[in-house]
Each structure stands twice: as structure tokens, then as C-alpha cells.
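A.B. asks: Structure in C-alpha cells, see below.
FYI, it's all coordinate maths here, none of it is from the lab. Please read all numbers here as calculations on a predicted model, not as lab measurements. Here the Cβ positions follow ideal geometry from the backbone for every residue, glycine too, while neighbour counts run over all protein chains shown.
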Amino acid sequence: MLCFAIICTTLGSILFIIHPFGCFLSGVLQERFGKKRCMIFANVPSIVGWTLLYFAHSSIFLYASTFLMGFSIGVGAGAVHAYIGEITEPRLRGSMASITNTAALFGSLLGFILGSLFDWRTVALLSTLCPIICVSLIIFIPESPIWLIAKGKNDKAEKAMCWLRGWVDPETVKPELITLFHYNEVSGTIGIEGSNFRANDDNSLLSKLALFKEPSVYEPLKLIMIYFFTSYTINLTPGKPFIGKIMTEVGLRDYQSIYLIIFSVVQTIGSVILILTIRRFRKRFLTLVTVTINSALLLLFSVYIMAMKNNYIESMEWIPLTIICGIYFSGGCGAACIPWMLIGEVFPNKSRGIATGVCAGMSYLLLFILTKSYLTVEMILSIEYTMLLFGCLGIIGLIYFYNYLPETENKTLLEIEEFFASNSKAQR
């Protein structure tokens with residue numbers, strides 16, 4: 001039993017720690033080969049990984065499968081959000097980006113349901129269909145027009161824009177296409193038609209990494225990483241691998257498998273609500289509201305556990321169940337999903353590919369560190385003070401977002417880039 005626990009812990013660690021390597025490679029692939037090819041490539045290791053899991057008869061197969069699937073997630077994460085950020089109209093970007101998070105949550109829910117109906121090998125075999133279908137669909141979509149313009153492929157950019165706006169004629173997309181040409185020109189990334197030359201472009205990895213010294217890149221990176229840290233803590237993300245232990249400690253000892261499905265359902269419902277409301281309420285407002293709610297719920301959770309442990313009140317299952325459901329639901333409505341939307345928006349065009357990859361990689365590395373340290377923190381502080389700590393971190397994050405988080409909803413990529421560029425100049 002101990003060996004099985006060690007293997008499971010190691011497998012989980014591999015899955016998290018390999019994500020950043022995939023993300024960093026994704027940044028390089030996006031710049032060189034485009035978002036579309038990067039997304040196609042991201043699914044190949046996943047297909048092999050699920051196949052290895054289906055045929056697994058030793059721990060070597062399990063490790064290889066976990067390695068490949070973790071790498072696949074890392075490669076795809078940055079490319080998907082960068083692609084959505086570039087192809088969608090400003091008024092629809094938030095809703096479209098939130099669909100990716102909803103799809104991920106729905107996939108987790110589907111995994112729980114399939115796991116309750118079939119054995120794990122059958123689930124692995126069925127899961128192989130997902131990346132295969134994904135590749136089959138990606139083949140038919142066009143490359144990002146912004147990337148095509150940067151590579152000097154203007155005719156292809158026009159055709160891609162016509163396809164993306166509903167198979168319309170070139171005259172219909174001409175004003176938007178002119179805007180994209182202007183955006184690339186301002187960003188210094190416009191290419192010469194018929195060649196792979198791009199203005200002010202050096203394709204070496206060191207030159208790409210040197211862009212992170214510019215305030216217009218590291219300021220949004222700092223903002224996103226603070227958002228990820230706050231999001232992970234107030235949504236109990238580091239505690240998810242230990243949610244069974246948490247439920248046991250707060251009195252939810254029975255029906256834990258059913259509760260896991262309930263938690264997944266409410267978070268998915270929250271993300272669907274985010275899709276429907278983000279155009280009206282926008283990212284900044286939803287961030288402030290959901291961070292406030294989650295911080296308050298964590299503080300309430302802490303008070304409840306203290307009161308229960310000191311016998312001031314009796315253990316009542318509906319209280320912790322309601323609080324945890326509230327945390328997952330509120331997070332799905334905003335704070336758990338919005339940082340992934342911002343990744344595809346806040347970075348300058350000349351560094352978006354590498355920056356989204358690095359940012360996604362750092363977010364997974366942060367999640368790995370927080371998850372690995374969760375049990376140590378809980379052992380030192382106890383669960384009630386861990387919840388209190390998370391709630392206080394949420395309040396600190398709320399103050400930061402109130403002062404520094406800009407509104408990006410319904411803003412063009414050029415407007416967002418100019419905002420961070422002007423702020424960077426003002427701070428000098």
C-alpha cells in the first residue's frame with residue numbers, strides 16, 4: 001500500500017513538473033511555426049500517452065504516459081490562449097477564451113463520470129479519442145492572421161480573416177485587416193510579403209528571452225503571476241490532490257466520491273455563467289467580486305473549523321459542503337478562469353508567443369510548488385489556520401487587483417499593449 005501511495009505521488013509530481021518544459025517549448029514553436037501547428041503538435045504526445053496508459057503493465061509505462069500527457073498539456077496551454085486572443089474580436093474575446101476553461105472543467109467532470117462507469121483501461125482508450133478528434137478539427141481552421149502578417153503572408157492572412165469572420169468576402173474584413181496591419185507595424189513585427197523577413201526580428205532564443213527585460217513584457221508577466229498565485233490559493237487548488245483528507249477533517253467522511261462530482265459540477269456551472277456574463281460585467285469587476293467572495297468563504301471556513309474543534313458547535317455536514325461548493329462555484333465564475341484569458345491579451349505582439357509559453361510554464365511551476373508544500377503548511381499551521389492564511393492572501397490580492405488590474409474586455413490588442421507601454425514609461 002505504501003509503495004502504491006509513493007508511485008501515485010510521484011506520478012502526480014511528474015505531471016505537474018513537466019508542464020513548464022512543454023510551455024517553454026510552446027513559446028518557441030509559436031514564434032517559428034505558428035499557433036495552429038503548435039496546437040496540432042501538442043496533441044501528438046497526448047495520443048501516445050493515453051495509448052501507453054491503455055497498454056500499461058508496469059510502472060515504466062505509467063511514468064512514460066504521465067510524462068507525455070504532462071508535456072502535451074504544457075505545449076498546448078500557451079498556444080491555445082494566444083491563438084484565441086489573436087483571432088477573436090475584442091467584444092467576443094472574453095467569452096471565447098472562457099470556453100477553453102469550461103471545456104477543461106467539463107473534461108474533468110467527464111473523467112469522473114467515465115471512471116464511475118468503466119474500468120480505467122477503458123477510460124484511457126476512450127480518452128485517446130479526444131486528442132485525435134482535436135487534431136482532426138484543428139486541421140480545418142486557419143492560422144492566426146496576426147502571425148501570418150508578421151511572416152509577410154498577407155494573402156493567407158486575408159483568407160484566414162475571411163474564414164474566421166464567417167466565410168465572408170475580402171471587402172467585409174478589409175477594415176479589420178487594415179487594423180491588424182497597423183497593429184503589426186506599431187509592434188515592429190510586420191513582415192515583407194513573399195519572404196520570411198520580419199522587421200526588427202531576431203529569431204534566436206536569446207533575443208526572445210531578452211524581451212523580458214522590457215517593462216512592457218515583465219509588468220504584465222508580474223500581474224499575471226500575482227493573479228495565478230491569488231487564484232490558486234483562494235480556490236483551494238493546492239489542496240485538490242488532498243481534498244479527501246480535507247473533507248475527512250471537516251466532517252465529510254461519507255459519500256466523498258459523490259461530493260467530488262458535485263464540486264466539479266458546480267465549478268463547471270460557474271464557468272458557464274462566466275461565458276454568459278463576462279461581456280456585461282467584464283473581467284475586472286468579476287475578478288474583484290469573486291476574489292472577495294472566495295476570501296470571505298475561506299475566512300468563514302476557518303472560523304467554522306475552529307468552532308467545531310473547540311466544541312463550540314457540533315459538526316454539521318451541510319456547512320463545509322456549502323462553503324467548498326461556494327468556493328468552487330465562485331472561482332469558476334471568475335478568479336479561477338480569468339488569468340488564463342489575460343495570458344492571450346496582455347503581452348506585446350513581438351513577444352506574445354514566447355511570453356505566453358513562459359507565463360503558462362511559470363504558472364504550472366507555481367502550482368507544483370504550492371501543491372507540494374500544502375501538506376507541510378497544513379502540518380505546521382493546522383487546517384483552520386491554513387484556510388485563514390489563504391483567506392488573508394486573497395484579501396491582499398484583492399487590494400492589488402483593485403489598484404493595478406486594468407480592464408481588457410472589449411479592448412483591442414493594440415489598446416492593451418499601449419496601456420502597459422504607457423504605464424511602463426510613466427514608472428521610469
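A.B. asks: Could you work out how far helix 318-332 tilts from the main Cα principal axis of the chain, as a 0 to 90 degree angle to the nearest 10?
C.D. replies: 10
A.B. asks: Do any chymotrypsin sites (Phe, Trp or Tyr not before Pro) in segment 36-119 lie in a loop, going by DSSP, with at most 16 other beta-carbon atoms within 10 Å of their beta carbon, and if so which? Show your work: numbers first, answer last.
C.D. replies: On the way: sites: Phe41, Trp50, Tyr54, Phe55, Phe61, Tyr63, Phe67, Phe71, Tyr83, Phe106, Phe112, Phe118; in loops: Phe55, Phe118.
When the chymotrypsin sites (Phe, Trp or Tyr not before Pro) of segment 36-119 are filtered for loop state and at most 16 Cβ neighbours within 10 Å, Phe55, Phe118 remain.
A.B. asks: I'd like the orientation of helix 413-427 relative to the chain: the angle between its Cα long axis and the longest Cα principal axis, in ° from 0 to 90, rounded to 10.
C.D. replies: It is inclined by approximately 80 degrees.
A.B. asks: To the nearest 0.05, what FRET efficiency results for Glu418 and Trp163 with a Förster distance of 45 Å applied to their C-beta separation? Don't jump to the answer; show the numbers that get you there.
C.D. replies: On the way: r = 28 Å, r/R0 = 0.63.
Efficiency, from the Cβ-Cβ distance: 0.95.
A.B. asks: Stretch Leu381-Glu407 to full length: gain in nm at 0.36 nm per residue minus the Cα-Cα span?
C.D. replies: The span from Leu381 to Glu407 would gain 5.7 nm if fully extended.
A.B. asks: Between Leu126 and Arg284, how high is the FRET efficiency from 1/(1 + (r/R0)^6) when r is the Cβ-Cβ distance and R₀ = 60 Å? Nearest 0.05. Don't jump to the answer; show the numbers that get you there.
C.D. replies: Values: r = 40 Å, r/R0 = 0.66.
It comes out at approximately 0.90.
A.B. asks: Further question: Build a GNM of the chain with springs between Cα atoms under 10 Å: which of Leu180, Leu209, Leu236 gets the top mean-square fluctuation?
C.D. replies: Taking springs between Cα atoms under 10 Å, the residue moving most is Leu209.
A.B. asks: Exactly which trypsin sites (Lys or Arg not before Pro) in segment 209-314 are in a DSSP loop and have at most 15 other Cβ atoms within 10 Å?
C.D. replies: On the way: sites: Lys213, Lys222, Lys245, Arg253, Arg279, Arg280, Arg282, Lys283, Arg284, Lys309; in loops: Arg253.
Answer by residue number: Arg253.
A.B. asks: Ok, one more. For the chain, what is the mean residue ellipticity at 222 nm derived from helices alone (per DSSP H run of n ≥ 4: -39500 (n - 2.57); sum divided by total residues; nearest 500 deg cm²/dmol)? Walk me through the numbers on the way to the answer.
C.D. replies: Working: 17 runs with 338 residues, N = 428.
So the calculated ellipticity at 222 nm is -27000 deg cm²/dmol.
A.B. asks: Tell me the angle of helix 383-404 to the major Cα principal axis of the chain, expressed in degrees between 0 and 90 and rounded to the nearest ten.
C.D. replies: Computed tilt is about 30 degrees.
A.B. asks: Applying 1/(1 + (r/R0)^6) with R0 = 25 Å to the Cβ-Cβ distance of Ala296 and Ile99, what FRET efficiency is obtained, to the nearest 0.05?
C.D. replies: Values: r = 28 Å, r/R0 = 1.13.
Computed FRET efficiency for Ala296 and Ile99 comes out at 0.30.
A.B. asks: Which of the pairs Lys36/Lys151; Lys36/Lys240; Lys35/Lys372; Lys151/Lys350; Lys240/Lys372 have their Cα atoms more than 23 Å apart in this structure? Let's see the in-between values first.
C.D. replies: Values: Lys36/Lys151 14 Å; Lys36/Lys240 32 Å; Lys35/Lys372 32 Å; Lys151/Lys350 12 Å; Lys240/Lys372 11 Å.
Result: Lys36/Lys240; Lys35/Lys372 exceed 23 Å.
A.B. asks: Name the residue, out of Ala82, Ala160, Ala97, whose mean-square fluctuation peaks in a Gaussian network model built on the chain with Cα pairs under 10 Å.
C.D. replies: So, out of Ala82, Ala160, Ala97, the one fluctuating most is Ala160.
A.B. asks: Which GluC sites (Glu not before Pro) does segment 246-353 hold that lie in a coil by DSSP with at most 13 other beta carbons within 10 Å?
C.D. replies: Details: sites: Glu249, Glu314, Glu317, Glu345; in loops: Glu314, Glu317, Glu345.
Listed in order of number, the matching sites are Glu314.
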